[in-house]
């Protein structure tokens, strides 16, 4: 595939892609997520993890997991389970005050959020956003396009877990690479 064709498919300029390919530029979380979605892989597929001898067990040791940061967006995503092929996708999300993560998961996705620190707002585009404080959680199905915003005055952390609600289907994460970057990091 040419860089020009990739540009057409992802709306990321071929000149920028060339700079990233040559190691002369960093990529935002949003752009990275668009590439992940285009290639049909999970973010976990792109990061190394300690391999277990057991196929039914994955351990990610503290400080050894992959972290994707975008200081311009005020967002950090820590991939907590990194080996592809699993339906469950947990990510620890850290948001600066005011930082917003748009999410647009595929149909058939179940999502769970747990606020570790801070205050967040979950907005599905209706007139009734849901406020979540530290210790609160939310679980929902087939959410469609929505945003999660840190509405507090200090950095906030939340655990986001998503999985396919259809047996045998490969789930997409709540904070799919596209979600974290597509609308925010263009």
- Message: Cβ-Cβ distance below 6 Å, separation of 6 or more or different chains: which pairs start in region 103-132 with a residue that is closer than 18 Å to residue 87 by Cβ and end on one that is surrounded by fewer than 18 Cβ atoms within 10 Å (Cβ to Cβ) and modelled with pLDDT under 95?
- Response: 107/142; 108/165; 108/166; 110/141; 110/165; 111/140; 112/139; 113/138
- Query: Quick one: what pairs do we get from region 22-35, first residue within 13 Å of residue 7 (Cα to Cα), second at pLDDT 75 or above and part of a loop (DSSP other than H, G, I, E, B), C-beta under 8 Å, 6+ apart or different chains?
  - Reply: 31/12; 34/11; 34/12; 35/12
- strands (runs of 3 or more DSSP E) wholly in region 1-110 with at least 2 residues that are modelled with pLDDT of 75 or more and surrounded by fewer than 18 Cβ atoms within 10 Å (Cβ to Cβ) - which ones? 67-70
- Regarding residue 161, is this residue under 18 Å from the mean Cα position of the chain (by Cα), at pLDDT 85 or above, surrounded by 15 or more Cβ atoms within 10 Å (Cβ to Cβ) and farther than 18 Å from residue 100 by Cβ? yes
- Of all residues in region 126-150 being part of a loop (DSSP other than H, G, I, E, B) and modelled with pLDDT of 85 or more, which is surrounded by the fewest Cβ atoms within 10 Å (Cβ to Cβ)? 128
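The values are calculated or read from the model by the stated rules, or taken from the named source; none is laboratory data. Please read these numbers as outputs of a predicted model, since none were measured by experiment. No Cβ is skipped: glycine too gets one built from the backbone with ideal geometry, and neighbour counts run over all protein chains shown.
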